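Q: The structure's right below; bear with me while I get my questions together.
The values are calculated or read from the model by the stated rules, or taken from the named source; none is laboratory data. Model, not experiment: these values are computed from the prediction. Heads up, the Cβs are rebuilt from the backbone with ideal geometry, glycines too, and the neighbour counts pull from every protein chain shown. Side chains included, ligands, DNA and RNA excluded: accessible areas come from the protein's heavy atoms. Shrake-Rupley method; radii C 1.70, N 1.55, O 1.52, S 1.80 Å.
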Amino acid sequence: MDTFVEVLLPIPLERNFTYILPEEMMGEVVTGTRVAVPFGKSKLYTGLAIRLHGERPQAYDPKPVYRVLDTEPLVSAVQLRHWQWVAEYYMCTLGEVFRTAVPSGFLLESETRVLKGPDFNPSPEEATDAEYLVAEALEHQPVLSVQEISDIVDRKNVLPLLHGMLAKGQIRLQERLQEKYNPKTARYIRLREVFRGEAALEALLETLSRAPRQSAIILQLFQLQEGAGKPVRSKVLEEKAGASRAALKALIDKDVLEEYHLEEDRVAVGEEAPDSRLPVLSSHQEQALTAIHTGFESGKPVLLHGVTSSGKTEVYIRLIEEVISAGRQVLYLVPEIAITEQLIRRLQRVFGTRVVVFHSRLNIMERAELWYHVQAGTEKAAVVLGARSSLFLPFADLGLILVDEEHENTYKQFDPAPRYHGRDTAIVLAGFHGADVLLGSATPSIESMYNVRRGKYALARMDRRYGDVLLPDIQLVDLSEQFRKKKMKGRFSEPLHEAIGEVLAARQQVILFQNRRGYAPIVECQSCGHAPQCPNCDVSLTFHKYRGELRCHYCGYHRALEPQCDACGNTTLDTKGFGTEQVEAELKELFPEARVDRMDLDTTRGKYGYQKIIGAFEARETDILVGTQMLTKGLDFRNVALVGIMNADTLLHFPHFRAHERCFQLLTQVAGRSGRTRERGRVLIQTYNPYHQILKQVSTGDYKEMYKEQVYEREQFRYPPVVRIIKITFRHKDYNRVSEGAGWFAKAMRQQFGQAVLGPEFPPVARIRNQYHMNILLKIAQGQPLSQTKNSIKRIHRSFDAISQYRSIRVIYNVDYI
Ligand code: ADP
Ligand code: ZN
């Protein structure tokens with residue numbers, strides 16, 4: 001009887017495919033093993049064995065598995081169960097989860113592009129014939145597809161060969177974001193083989209008796225090696241022996257010492273000596289810790305609501321310590337990894353090399369290495385710090401998941417599928433591992449607090465800042481009054497302008513927040529009213545003065561700004577609104593002495609963009625930092641006395657049911673950067689709506705009131721967390737087609753769900769990259785069976801796809817759209 005394997009492919013298909021397992025591969029495949037399989041006419045894919053069985057498929061003639069790629073399963077049963085949950089809950093295919101969950105280095109396929117690797121060595125002595133052929137071909141043509149390589153070596157299944165070469169560093173894969181691969185290496189030094197062993201060493205020292213400096217170096221090296229041949233860095237030896245590079249060089253030239261390079265362990269992040277002494281917790285922190293433990297004991301996720309600078313990180317560190325000393329793993333989730341430099345340093349000081357960072361900028365090999373560490377549960381991966389995608393790492397035994405800044409909307413994946421929420425997916429994963437979950441925030445999401453109120457989560461609180469530093473004093477500045485009284489200097493009201501002057505005079509620092517980048521969001525002709533628009537999207541182009549360009553923030557389109565209006569030809573162009581670039585420019589005029597820096601998407605693109613800006617600000621090389629919401633995320637600066645919000649109104653008037661909640665969170669978080677030590681910090685919020693409830697709640701730090709009002713509104717208008725929402729987006733380049741298709745779909749849905757269906761509607765920006773968008777929202781009441789609802793939608797979708805003119809419309813599900 002034949003054995004069949006059900007294989008999951010990393011493509012968005014609803015079902016898996018079955019292959020025959022050839023005799024010679026028997027026993028090599030279990031659930032979670034990668035296999036190379038043919039698909040379609042001539043394609044090869046890396047798939048995952050899901051199940052072995054004896055049922056021959058009826059609908060097609062199964063092809064044989066080409067090759068087994070793993071000796072141990074790459075993916076565990078727990079992971080598969082987790083993926084299945086993600087696919088079902090977020091309405092996507094398991095293949096899409098597979099593709100997201102596994103580093104692309106594990107998923108070679110015919111279309112993958114291959115380049116020379118860091119250890120590319122085409123010498124015929126060392127390489128196999130096939131490896132040599134590939135290497136040689138890459139000498140002539142720097143990029144080859146897997147398909148082309150397959151032709152070159154004249155084998156159909158080159159995936160095993162390439163996986164092997166990849167592991168040896170002979171090739172690398174082209175990544176979507178091309179980046180240069182620079183393996184980090186350090187110089188090490190050792191005695192040449194012939195001098196190792198006691199007798200040989202003595203003889204050597206004898207010959208060096210007239211070169212005391214050189215023998216001192218040898219002795220020092222011996223000590224540093226701790227007898228056991230521990231690798232010693234050249235630099236360390238130089239320092240310890242007080243030796244010059246020349247003395248070392250002399251020994252190298254004499255063939256006594258040899259230098260060699262070791263790749264710095266790519267997985268480890270730094271080498272600051274760990275300082276395992278933990279700070280003493282304050283009584284508030286102790287109380288919170290107790291409440292957290294009590295919550296964990298009840299088996300519930302715990303929400304830690306601690307005001308900004310209350311010292312949440314120290315509490316996390318305690319919990320991490322407890323879990324890893326019990327031999328279990330910790331996943332520390334952050335909304336965005338790029339700006340957590342400070343946090344990484346803090347964690348490394350305590351946990352040393354037991355912390356690893358799962359960074360989007362890791363290259364393919366580094367990701368693979370980290371994967372195996374996490375899977376084996378090695379000490380190096382005791383604590384994994386990462387953004388939402390680290391939820392898919394193959395944890396051996398998770399004991400705790402921390403979700404820091406749990407209110408951040410970057411936890412939700414927007415595109416592509418799976419459109420999952422990191423916080424909610426974490427809670428499910430923790431369930432599979434029997435791990436505890438702690439959600440932390442100074443401004444918890446309405447959802448999480450709602451779950452606390454309904455008894456689903458437990459609560460721990462810290463209402464005071466660490467060291468009893470006062471929360472900042474927040475004042476609202478009425479912009480219309482300031483304009484009326486002619487007190488404005490550019491975009492700066494008198495109180496803000498004066499406050500900046502005072503803070504600078506006291507040699508303290510200022511943060512200014514404006515939630516728009518560029519110089520001005522709109523350029524408008526004074527004569528005819530024309531405003532340049534993006535040719536691909538329904539938005540006006542933002543003016544970037546520094547580059548003299550108009551740019552689209554949706555698709556990246558840009559062109560030079562001409563002095564004449566495109567429409568009427570007059571040179572009467574003016575700008576409306578303002579962004580960070582304009583704030584920076586005005587500051588330079590108003591405070592010419594001050595050192596001003598800017599942090600937004602435009603200034604942080606380079607690899608170390610953030611670190612440079614944050615580092616300079618920490619080192620007080622910058623007096624004023626202007627930025628977008630990047631400034632809000634958990635930064636701990638010691639010397640900021642003033643935070644200014646340039647204009648709160650765009651946040652208030654954003655057309656979204658969450659606008660007010662977000663405004664509260666954003667402003668509270670930015671405000672929280674002020675006065676974290678010693679004196680009380682100040683915050684000035686400029687607005688045309690100084691009597692707006694939300695701004696008042698921000699200024700008095702009244703989370704409770706904000707929560708009450710927002711929940712009331714959500715109940716009135718039926719929005720989350722009172723109901724669940726599934727947003728269905730329709731996308732097509734033809735306006736009529738998309739509106740007809742979405743209309744058809746909405747009608748079918750109304751027959752099922754009646755009033756719970758909203759739309760279809762065009763969003764505020766209806767066309768992006770020449771694609772029209774239309775949305776339907778479905779509100780799902782509590783208690784309404786979720787999987788049945790989703791099945792009904794899928795049934796409608798199948799009928800929709802059966803209509804030929806609709807088939808080309810893309811339908812996108814966003815469950816728990818935020
Ligand atoms: P949060 O994350 O709640 O905003 P942090 O964890 O950044 O606050 O803590 C604010 C500041 O207080 C940090 O500089 C931190 O080092 C300091 N801090 C917090 N707890 C302690 C403690 N127990 N001992 C010493 N310093 C502490
Ligand atoms: Zn555009």
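Q: Between rounded, prolate and oblate, where does the stretch 4-106 land on the alpha carbon gyration tensor, with a ≥ b ≥ c its root eigenvalues, rounded for a/c under 1.5, else prolate if a/b exceeds b/c?
A: Numbers: a/c = 1.57, a/b = 1.33, b/c = 1.18.
Prolate is the answer for the stretch 4-106, as a/c is 1.5 or above and a/b outweighs b/c.
Q: How much of the pair distance distribution for the stretch 520-577 lies past 16 Å, counting alpha-carbon pairs only, in percent?
A: Numbers: 587 of 1653 pairs.
Everything past 16 Å amounts to 36 percent.
Q: So what is Rg over Rh here for the stretch 283-468, counting just Cα atoms and using Kirkwood for Rh?
A: Details: Rg = 15.5 Å, Rh = 16.5 Å.
Rg/Rh: 0.94.
Q: Something else now. Using the Karplus equation 6.51 cos²θ - 1.76 cosθ + 1.60 (θ = phi - 60°), what ³J(HN,Hα) coupling, rounded to whole Hz, does each residue of the stretch 425-431 give in order, writing x for Gly and Pro?
A: Coupling constants for the stretch 425-431: 5, 5, 5, 5, 4, 4, x Hz.
Q: Could you tell me which of rounded, prolate or oblate describes the chain, using a ≥ b ≥ c as the square roots of the eigenvalues of the alpha-carbon gyration tensor, with rounded for a/c under 1.5 and, failing that, prolate when a/b is larger than b/c and oblate otherwise? Could the numbers behind the result be given before it?
A: Numbers: a/c = 1.57, a/b = 1.16, b/c = 1.36.
It comes out oblate by the Cα gyration axes.
Q: Right, something else. Considering only C-alpha atoms, what is the centroid distance from the stretch 123-138 to the stretch 338-366, in Å?
A: Taking the Cα centre of each part, the stretch 123-138 and the stretch 338-366 sit 36 Å apart.
Q: Which length gain, in nm to one decimal place, applies between residue 84 and residue 194 when the Cα-Cα distance is subtracted from 0.36 nm times their residue separation?
A: Details: separation 110, 0.36 × 110 = 39.60 nm, distance 5.83 nm.
Extra length from residue 84 to residue 194 when fully extended: 33.8 nm.
Q: Next question, about the same structure. I need the phi-derived Karplus couplings for the stretch 589-594: 6.51 cos²θ - 1.76 cosθ + 1.60, θ = phi - 60°, integer Hz, Gly and Pro marked x.
A: 7, 6, 10, x, 7, 6
Q: Net charge near residue 771: determine it from the other residues with C-beta under 13 Å of the C-beta of residue 771, scoring Lys and Arg +1 and Asp and Glu -1.
A: On the way: positive: 731, 733, 737, 767, 769, 810; negative: 415, 538, 734.
For residues surrounding residue 771, the net value is +3.
Q: Taking Cα centroids, how far is the stretch 718-778 from the stretch 487-564 in Å?
A: 33
Q: Additional query: Of all trypsin sites (Lys or Arg not before Pro) in the stretch 558-596, which ones are in loop regions per DSSP and have a Cβ with at most 14 other Cβ atoms within 10 Å?
A: Values: sites: 559, 576, 588, 595; in loops: 595.
When the trypsin sites (Lys or Arg not before Pro) of the stretch 558-596 are filtered for loop state and at most 14 Cβ neighbours within 10 Å, nothing remains.
Q: Follow-up. Got a number for carbon plus sulfur as a percent of the chain's accessible area, 1.4 Å probe? Provide the component values of the computation, followed by the final result.
A: Values: 18460 of 37810 Å².
The C+S portion of the solvent-accessible surface of the chain is 49 percent.
Q: Would you mind listing how long the stretch 41-200 runs along its three principal axes, going by Cα atoms, in whole Å with the largest first?
A: Principal-axis extents of the stretch 41-200 (Cα, largest first): 71, 37, 36 Å.
Q: Now, a different point. Give the accessible surface of the chain per residue, rounded to a whole number of Å², with probe radius 1.4 Å and ligands, DNA and RNA excluded. Don't jump to the answer; show the numbers that get you there.
A: Working: 37810 Å² over 818 residues.
I get 46 Å² per residue for the chain.
Q: Using θ = phi - 60° and the Karplus curve 6.51 cos²θ - 1.76 cosθ + 1.60, what whole-Hz ³J(HN,Hα) does each residue of the stretch 440-454 get, with Gly and Pro shown as x?
A: Coupling constants for the stretch 440-454: x, 5, 8, 9, x, 4, 4, 3, 5, 5, 4, 5, 5, 5, 8 Hz.
Q: Please list, in chain and number order, the residues 5+ apart from residue 437 or on another chain whose amide H is under 5 Å from its amide H, with Hs placed from the backbone.
A: Result for residue 437 returns 302, 401.
Q: If you don't mind, there's one more thing I want to ask. So what's the stretch 193-255 giving for Rg/Rh, alpha carbon basis, Kirkwood Rh from the mean inverse pair distance? Don't skip to the end; give the middle numbers.
A: Details: Rg = 11.1 Å, Rh = 11.9 Å.
Rg/Rh for the stretch 193-255 comes to 0.93.
Q: Moving on. Grab the other residues whose beta carbon is less than 15 angstrom from that of residue 470, score K and R as +1, D and E as -1, and report the net. Please list the in-between numbers first.
A: Working: positive: 464, 465, 673, 676, 678, 680, 682; negative: 463, 468, 473, 679.
Counting the neighbours of residue 470, the net charge comes to +3.
Q: Shifting gears a bit: Report the extension gain between residue 120 and residue 379 in nm, rounded to one decimal, defined as 0.36 nm multiplied by the number of residues separating them, less their alpha carbon distance. Walk me through the numbers before you get to the answer.
A: Details: separation 259, 0.36 × 259 = 93.24 nm, distance 3.07 nm.
Result for the pair: 90.2 nm of gain on full extension.
Q: Check which residues have an amide H placed less than 5 Å from residue 170's amide H, if you skip close sequence neighbours.
A: 119
Q: What does the charge count near residue 628 come to, summing +1 for each Lys or Arg and -1 for each Asp or Glu among other residues with Cβ under 10 Å from its Cβ?
A: Details: positive: 516, 517, 598; negative: 600, 602.
That sum, taken over residues with Cβ under 10 Å, equals +1.
Q: Might you list the cysteines of the chain that have no disulfide-compatible partner by the rule of another cysteine's Cβ under 4.7 Å?
A: Singleton cysteines: 92, 555, 663.
Q: Here is a follow-up. For the stretch 313-378, what is the Kirkwood estimate of the hydrodynamic radius, computed as the reciprocal of the mean inverse distance between distinct Cα atoms, to one decimal in Å? Present the calculation step by step, with values, prior to reporting the outcome.
A: Details: mean 1/r = 0.0775 Å⁻¹.
Answer for the stretch 313-378: a Kirkwood hydrodynamic radius of 12.9 Å.
Q: Hey, another quick one. Setting aside same-chain residues fewer than 8 positions from residue 249, which lysines have a Cα under 19 Å from its Cα?
A: Answer for residue 249, where 19 Å is the Cα cut-off: 235, 240, listed by chain and number.
Q: Tell me the label-point distance for the pair residue 2, residue 155, using the 7 Å Cα-to-Cβ offset, in nm and rounded to one decimal.
A: It is 2.5 nm.
Q: If you don't mind, another one. For the stretch 1-126, calculate the relative contact order in percent as a whole number, restricting contacts to Cα pairs under 8 Å that are 6 or more residues apart. Working shown, then result.
A: Numbers: 205 pairs, mean separation 36.9, N = 126.
Answer for the stretch 1-126 is 29 percent.
Q: For a quick size check, give me the Cα extents of the stretch 115-171 along its three principal axes, largest first, whole Å.
A: Largest first, the stretch 115-171 extends 24, 20, 18 Å along its Cα principal axes.
Q: Also, quick follow-up: Within straight cross-link reach of residue 545, meaning Cα distance under 19 Å, which lysines are found once same-chain residues fewer than 8 apart are removed?
A: 576, 588
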